[in-house]
Every structure is written in C-alpha cells, then in structure tokens.
Amino acid sequence: MSSPYGDAEHLVRRLSRSVDDVESDLRGLREEYEQQSGETSSRLDSAEYKLRGQADEIDSLERRADEFDDETKEVRTLVEDLGQRVAWLERRVRTAAGGTAVDLDATDNEINQLVAKAVAGRAAEARLLPAADRARHHGSLLVYNEATVSLEQARSAVLAASGTLARAALGSEAFTEAATAYRAAATRLRTATAQTDRLRAAATTASTVLDRDQRLDQTLVEAAEAGEDAYDQLVRIARARIGTAVAGPGLLPVWFTTALGPMPPRAATENWLDAATDALVYRMLYGVRDEVLALGRIPFQATARQRADHKKAGSSLRR
C-alpha cells in the first residue's frame, strides 16, 4: 500500500521530467529560431547587396543615357549645320548655272486689293466693341434697371403706408400695421436709392458706349467680314504659291530657306506648310521685303495687331 509521501514523490518526479522536456523543447526551438534568423539575415544582406549593385547599374545607365542625349544633340546640330552648308553650296552652284530665285513676295493688283481689304477689315474690327465688353455693358444696364425697379417699388410702398397713416386713427390696428409697413418700406427705399446712385455712372457709360457701337456696328461689321474674307484668300494664294515654288525648279528665297529649310520635312509636313504660309502672309500684309529675315525686324511704331501677328508667325516658325 503506497503512502501519501510516495505518491507526492512520484508526482514531483513526473513534474520534473515534464519541466525537463519543456526546457529541452524550448532549447530546440531557440536553436531553430537562431538558425533561421541567421539564414534570414544572410539572405537580407545578400538581397541588399544585389539591390545596391542594381542601383549602381541604373545610375550608370542613366549617365550613359544623358551622355547619349548630349551626343545626339551635337550630332543633330552638326547635321543641321551640314545641311545648311550643302544648301548654300547647291544654291551657289545653281546660281552659277543660271538658276534664279522664286519671288514669293511678288504682288499684283489682286493681291494689293486683298491686302487693302484685310488691313481695312482689321482696322474696322479694332473699332468694334469686343463681345466681352458688349456683354459687360449690357450687364451694367440690366443691373441698373433692376435697381431702379426696386427703387420705384420701395417708393410706392412708402407712399402707400404714408396714405394709410394719414387716414387711420392713431393707435388703431390699421395705424400700427401701416407704421410697421412704413418703416420696412423706408429701409428698402434707402437701400435702393444708395444702390441706384452707385450704379448710375456705370450705366450711363454703358448706354453711351452701346449707342455708339450700335451706330457704327453695321458698317464696321461688313468691313470686318470683308477683311476676314480677304485674309482667307491671301492665305490660299500664299499656300498655293509656296507649293508651286517647292515643287518647281527655281531657287527658294534666302529668307525662306533660312527659316524653313530648302524643302519640306518628311514628318509634320502640314505644320511646316502652315508655318511657311503664316510667314508669307505676314510679309504680304505688312510689306516686309527683308531678304534674310523671314518676318523682318518689327518696326518701333508697329501696332498692337502687328506685334501680335509677328508673335504668332514667329511661334509657327519655331515649332
């Protein structure tokens, strides 16, 4: 028969073995963790090393790309310079052989009349009130008219309340209501009067400007439309003249080849033709006869419209 002490001793031994087993498992787990942690750290170090190597390679490729871009720009510049020299030599050879330059700037009675109409149309357009300004002045009149309506309504309300106050007995319900209506109407009247006074100057100016614009409108609109039509005809003439010159055997003017080259490019040909047309139409409109500069030098006394046209044509040439 076992004693209580023997059972307790047995339990202690079992617990001791269990603790030993747990400690052994923990040691095993710790060793496994340390081993895996070491392997993971080694893999991270290897990956970081590879990433650094790839980053260095990317930096090297970017530097080479930059160098290539610089070299490409230099080659492009050299090719353009060579093309200009070849074109110059070709021009000398063809001139020596009796070749003559095409006179793209040549005028005749039709062109002179179209230029005159285009210039007159632009002058008429400049005198016309711009649509935005016309809308702004109409808006000023509308706001002023609305303010005057409010003023009249407030004045009528004041008069109506005053009449009731004059007829009603002092202290009566009608008198009290009329007094309240009078105070409210008087406040609206003061506000409407101040607003009307503030808007009157702008409305007077708007009315004067719109009346003047209406008197000039029909004649100027017709002139502006005729000028626009003349300008469109100049564009068609210039475009056809450039096409004939490029396809023909004659030499292109120096101002043309300086700005646009000796022939149309294979890519973006339409843009090239548009730019050439803009330059020639500008020369027609403003009588430019500079043999080297496509648009000539803009004169000091040039109008704002001419400066805008010069900027537009110049932007087309730089595209």
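Please treat every number below as a calculation from the coordinates, not as lab data. What you are looking at is a predicted structure, and each value in this text was computed from that prediction instead of being measured.
If you take the Cα centroid of segment 173-233 and the Cα centroid of segment 127-164, the two points sit 6 Å apart.
Amide H contacts under 5 Å for Leu251: Thr100, Ala101, Val102, restricted to partners 5 or more places along the chain or on a different chain, H placed in the peptide plane at 1.01 Å from N. If the segment from Ile298 to Ala186 were pulled out straight at 0.36 nm per residue, it would be longer than the present Cα-Cα gap by 34.0 nm. Restricted to Cα atoms, segment 261-302 shows a radius of gyration and a Dmax of 12.2, 39 angstrom.
Sequentially through segment 48-57, phi angles give Karplus couplings (6.51, -1.76, 1.60; θ = phi - 60°) of 4, 4, 5, 4, 4, x, 5, 5, 4, 5 Hz, Gly and Pro residues having no value and appearing as x.
Taking every alpha-carbon pair under 8 Å whose residues sit at least 6 apart, segment 206-296 reaches a relative contact order of 28 percent. Estimated translational diffusion coefficient (Stokes-Einstein, Kirkwood radius over Cα pairs, 4 °C, 1.567 mPa s) of segment 189-319: 71 µm² per second.
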